[in-house]
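Presented below is the structure to which this report refers.
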Amino acid sequence: MGRKWVGTGWKMNKLLAEAEAYARSLREFVDGHAPEIEVFIVPPFTVLRRTCEILKGSPVKVGAQNMHWEERGAFTGEISPLMVKDCGADLVELGHSERRAQFGETDYTVNRKVLAALGHGLRPLVCVGETGPEKAFGVARECVARQVKIALKDVPESRIGEVILAYEPVWAIGESGTPAEPDYANSVHGVIRDAVSGLYGSRAAGEVPVLYGGSVDAENGPLFVREKEVDGLFVGRAAWDVRGLIRIIEAVQGESRGRPRGHEGPAP
């Protein structure tokens, strides 16, 4: 992999004025500092278009938090790929554990959405990760590999480099979450990379950014990106204040410039 990635999803937070202020502050930072990493934010649908307008022409990528796989139809309450694209978005987050647990998302619907995203020029940001019980029963490796393989079913090899994968262990996210140990996260990232490699070969697998998310902040973020298989961070509440995101960007950039990549940890 080349450049590191740092991004955040806002979940169900921020009204229009808050989103505008955040986007303008982020725009001012990236215009003035030209960070050498890929930066993205994933706001809610109600502020997606306005956020895209403010950040248009900047290096910051903007994504939607979900979408349906159909272009249009009788799907009340859903957002289509055409609508996401019409807002000006670059990417779309798919398969977050909250969507899976609370709204019936499955590995198979994630796959349909991945294919639809690619078909409409959107980069799919696919979230995968094991639950606490799956980790405790020793099936984290199988769980995550299965999610990756199903999500990527029928993705052409020529398009695999457009996919972004985010490893978010379910037990590590949220207010009560505990971050994974960096070597543990690294080992699961290796499982993800192996799953992609098994489908497309090692060269193609190296083109896919694999990000870590789960109770990440400016203090522990550099420890994760130091690991060999970790290509960046997908941050939650620590980046809901734009100053938090900027601190994490600066910390990751400093780590990327100043230290060699780390080692592979033990298998989960």
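Is it true that GLY244 is part of a helix (DSSP H, G or I), modelled with pLDDT of 95 or more and among the small types (Gly, Ala, Ser)?
Yes; evaluated as a whole, the condition is true for this residue.
I want to confirm something. Restricting to segment 141-169 and keeping residues that are charged (D, E, K, R), more than 16 Å from ALA180 (Cβ to Cβ) and touching a helix residue (DSSP H, G or I) at 6+ places or on another chain (Cβ under 8 Å), which single residue is surrounded by the fewest Cβ atoms within 10 Å (Cβ to Cβ)?
So the residue we want is ASP154.
If ALA116 satisfies all but one of (1) among the small types (Gly, Ala, Ser); (2) touching a helix residue (DSSP H, G or I) at 6+ places or on another chain (Cβ under 9 Å); (3) assigned to a helix (DSSP H, G or I); (4) more than 17 Å from ALA151 (Cβ to Cβ), what's the number of the condition it fails?
Result: ALA116 passes all but (4).
How many residues are crowded, with 18+ Cβ neighbours inside 10 Å and at positive phi if we restrict to segment 113-138?
1
Scan segment 233-244 residue by residue and report those that are surrounded by 24 or more Cβ atoms within 10 Å (Cβ to Cβ) and not small (Gly, Ala, Ser).
Within segment 233-244, LEU233, PHE234, VAL235 qualify.
The values are calculated or read from the model by the stated rules, or taken from the named source; none is laboratory data. This one's a predicted model, so the numbers in the text were calculated from it and none came from an experiment. Positions of Cβ are generated from backbone atoms using ideal geometry, with glycine treated the same way; all protein chains shown enter the neighbour counts.
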